[in-house]
Amino acid sequence: MAKKLPKDTGLDNTLKMINEAYTYVPKRLEKFGTKAFETRALGMKPIVVISGKAAAELFYDNDK
């Protein structure tokens, strides 16, 4: 069974992302103790944030 991703609190975290800028993601990764988490932005649309080498490889792989 797959693990559930931790979720950042709030219905829309767009303002948090803007105010915290580059520190938003690292703060949440440390808080949750994971390399991925779910948040919401731009009108409550769910977003999965991933981090690390494997995440970068997945992001830049045009075949996946």
Selection status of Thr14, touching a strand residue (DSSP E or B) at 6+ places or on another chain (Cβ under 9 Å) and surrounded by 15 or more Cβ atoms within 10 Å (Cβ to Cβ): yes
Neighbours by Cβ (under 9 Å, 6+ apart or cross-chain): first from region 2-25, under 14 Å from Ile50 (Cα atoms); second of a type in the set (Lys, Arg) and surrounded by 10 or more Cβ atoms within 10 Å (Cβ to Cβ): Pro6/Arg28; Pro6/Lys31; Lys7/Arg40; Asp8/Lys16; Asp8/Arg28; Asp8/Lys31; Asp8/Arg40; Tyr24/Lys16
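No lab work stands behind these numbers, since they all come straight from the coordinates. In this text the structure is predicted, and so the values were computed from the model without any measurement. Cβ coordinates were reconstructed from backbone atoms using ideal geometry, including for glycine residues, and neighbour counts include every protein chain displayed.
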